[in-house]
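Novice: Can you keep this structure in mind? I'll have questions shortly.
Please treat every number below as a calculation from the coordinates, not as lab data. Everything numeric in this text was worked out from a predicted model, so none of it was measured. All Cβ positions, glycine included, derive from the backbone under ideal geometry; neighbour counts span all protein chains shown.
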Amino acid sequence: MKVRFFLTLIFSVSCLTLFPCTNIIVTKGASKDGSVMISYAADSHTRYGALTFYPAADHPEGAMTDVIHYESGKLIGRIPEVPHTYSVIGFMNEFQVAVGETTFGGLDSLASQPGAIMDYGSLMKIGLQRAKTARELIRVFTTLAEEYGYASAGESISVSDKNEAWILEIIGRGKYGKGAVWVARRVPDGYVCGHANQARITTFPFNKENKWDDPKADCFHSPDVISFARIHGFYTGSDAGFSFSDVYNPVNFSGARFCDARIWSVFRKINKEIRDDAALTGYAMGEVRYAGGVATNRLPLWVKPDEKVSLEQMFAFMRDHFEDTPLAFDDGVGAGPFQLPYRWRPMEFTIDSVMYLHERSIATQQTGCSFIAQSRSRYPDPVGGIFWFGVDDADGCVYAPMYCGIRAVPESYAVGNGSMISWSETSAFWTFNLVTNWAYTRYNAIHPEIEKYQQELESKFIRESAALDERATALAVTDPEGTRSMITDFSVTTGNKLVADWKDFFHYLFMRYMDGNLKQAQDRQLLDNGNGKGVPKKPSFPGYGRDWERKMMENTGNRYKVIE
């Protein structure tokens, strides 16, 4: 493969601060319950975690729809509406089709397209409103980008329905023309895929035409995905050797260490070969090997798990901080005395002309919201899709079940209930931020309590939704609208009660850990001294721990030494 590297200027910080999101894709044959699952974390220092809802609607001839930029909220254009649009909850529609994304940026010369109005977020939303399957969504997404111009940088897109899952990678034509070049590959059944701000598709089977209606088709692409690169000098090799990622988003240290390392951390949990592969461990640490200008030791696009993946494991994947790997960062001076697996931005900094970094794990403090979309073919569509939704840092969130066929969202999660610059006492986002930010101050003490309650609640929601699945499915035979009402009531009630319970939990945690001491408690209730006057039992004073006390005394001489 011959790649013209002097022309392949990538966004040097695309994996660091601008586009930090993570998607995991689990196919039907790779999941324990036969569901298709995708996860997504919307990681942004300015993203407010709220749950969007677009009801199904009929539209008159000549109707138009606004195209609102996903990141800025700016109206960037209008396009003709279709006669009927489907209901969408978050990034999942009533037919169990779900979508997620991570931005890889890619070639600088392709980043901006004059006159383009379809950004990736608008394409995701409009695609969900118009598609009943993953394949249909890919077709809608790419067709609209071609017709109205692609107004975003390079993106990796997860697309799923109740039967299959796909990874789509797309980048605009920039100043060279309207639209985009792209490749979509179906993830083989029984396998797990993932992407995290680094393009992942390398070589692929090139087709003369896309056979959208062929159920055996497992790859679609723009007709000029290779010729476009060759015409503009990005690639000079053969068609067979063409690699989408190596041409449009070549992997480098940042792509490996800050981006693909997150997917490696998940793959190694479920696949022993990945776990034992020293070369891949080195790759995750940024040690990229090249031959002919192309990375040779990069992570595979997908892996077969040693054991099938559960919903609970998907929750855990989104809470990963590289635990039990060489990249774990819950120790050292940066972690402070309380073993905090977070570092405040910027991610890169220079000391004495040497650049250093902070790790970028899947779980991160700036997450606006995250989800696991679960699509299940054994249930009718309104019941089969569950959009497990959480706000703020996934490590401290609780995933609440929102059925894909609901007619309303909980008020505590609704768009308009607070924002990044306006407080709301009933907002899920601000409630969860109170707890997680308090936990950052004493992580190794407070977070275990969060994790215990988190798992208790999520286990309860899984049990309750399993019972509701059967009742709602039985009702759907005779009363489809009654089914919609049933699942709406459950989702709304569950979400609002969760936020109220989590606010009470914050009050408990704040009282227990205030002022650096530790009050005695049982079952999340503070204990009094037995006199019934609201006086707590004598608290303990855990301090900093011996190791950190020793660090604190280094380089201070006798300043703090007690004189006998």
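Novice: For segment 275-410, just say rounded, prolate or oblate: build the C-alpha gyration tensor, square-root its eigenvalues into a ≥ b ≥ c, call rounded for a/c under 1.5, and beyond that prolate if a/b exceeds b/c, oblate if not.
Specialist: Here segment 275-410 falls in the oblate category.
Novice: Taking the highest mean first, how do the peptides 548-560, 381-393 order by number of other beta carbon atoms within 10 angstrom per residue?
Specialist: 381-393, 548-560
Novice: May I ask for the net charge around Gln374, where only other residues with Cβ less than 10 Å from the Cβ of Gln374 are counted and Lys, Arg are +1 while Asp, Glu are -1?
Specialist: Cβ neighbours under 10 Å give a net charge of +1.
Novice: By the scheme Lys and Arg +1, Asp and Glu -1, what is the net charge of all other residues having a beta-carbon under 15 Å from that of Thr65?
Specialist: Details: positive: Arg78, Lys125, Arg130; negative: Asp58, Glu61, Asp66, Glu81, Asp119, Glu147.
Result for the local shell: -3.
Novice: Given 25 °C and 0.890 mPa s, how large is the Stokes-Einstein diffusion coefficient of segment 379-516 in µm²/s, with Rh as the Kirkwood radius over Cα pairs?
Specialist: On the way: Rh = 16.0 Å.
The estimated diffusion coefficient comes to 154 µm²/s.
Novice: Just need log10 I(q)/I(0) for segment 137-204 at q = 0.14, 0.25, 0.27 Å⁻¹, Debye formula, equal scatterers on the alpha-carbon atoms, no solvent, rounded to two decimals.
Specialist: -0.44, -1.15, -1.26
Novice: Of Pro205, Thr85, Asn496, whose Cα points farthest to the positive end of the dipole of the chain (charges on the beta-carbon: +1 Lys, Arg; -1 Asp, Glu; origin at the Cα centre)?
Specialist: So the residue we want is Pro205.
Novice: Distance in nm between label sites at Glu147 and Ala466, each 7 Å beyond Cα in the beta-carbon direction?
Specialist: 4.5
Novice: By average Cβ neighbour count within 10 Å, what is the ranking of 193-200, 499-506 from highest down?
Specialist: Ranking, from highest mean packing down: 193-200, 499-506.
Novice: Cα-Cα over 28 Å: which of Lys32/Lys503; Lys132/Lys211; Lys178/Lys208?
Specialist: Distance filter (> 28 Å) returns Lys32/Lys503.
Novice: Shifting gears a bit: Using the Cα centre as the reference, give the magnitude of the dipole from point charges on the C-beta atoms of the chain (Lys, Arg: +1; Asp, Glu: -1; all else neutral), rounded to the nearest 20 debye.
Specialist: 660
Novice: Give, as a single signed number, the net charge of other residues whose beta carbon lies under 15 Å from the beta carbon of Gly543, with Lys and Arg counted +1 and Asp and Glu -1.
Specialist: It works out to a net charge of +1.
Novice: Any number yet on Rg/Rh for segment 488-548, C-alpha, Kirkwood?
Specialist: 1.17
Novice: Report which label in (1) 24.7, 91; (2) 25.1, 86; (3) 30.3, 90 holds the value of Rg and Dmax of the Cα atoms in Å derived from the coordinates of this structure.
Specialist: So the calculated entry is the one marked (1).
Novice: Quick one: length gained pulling Ala278 to Phe349 fully straight, 0.36 nm per residue minus the C-alpha distance?
Specialist: Numbers: separation 71, 0.36 × 71 = 25.56 nm, distance 2.80 nm.
Additional length available on full extension: 22.8 nm.
Novice: Which of the peptides 236-247, 528-539 is most tightly packed, and how do the rest follow, judged by the mean count of other Cβ atoms within 10 Å per residue?
Specialist: Most protected by this proxy first, the peptides run 236-247, 528-539.
Novice: Further, regarding this structure: Starting from the Cα of Lys538, draw a straight line to each of the lysines and keep only those under 25 Å, dropping any in the same chain fewer than 8 residues away.
Specialist: Once the sequence-local lysines are set aside, what remains near Lys538 is Lys452, Lys519.
Novice: Further question on the same structure: DSSP beta bridges in the chain, what fraction antiparallel, as a percent rounded to 5? Mind showing how you got there, number by number?
Specialist: Details: 78 of 81 bridges.
The antiparallel fraction comes to roughly 95 percent.
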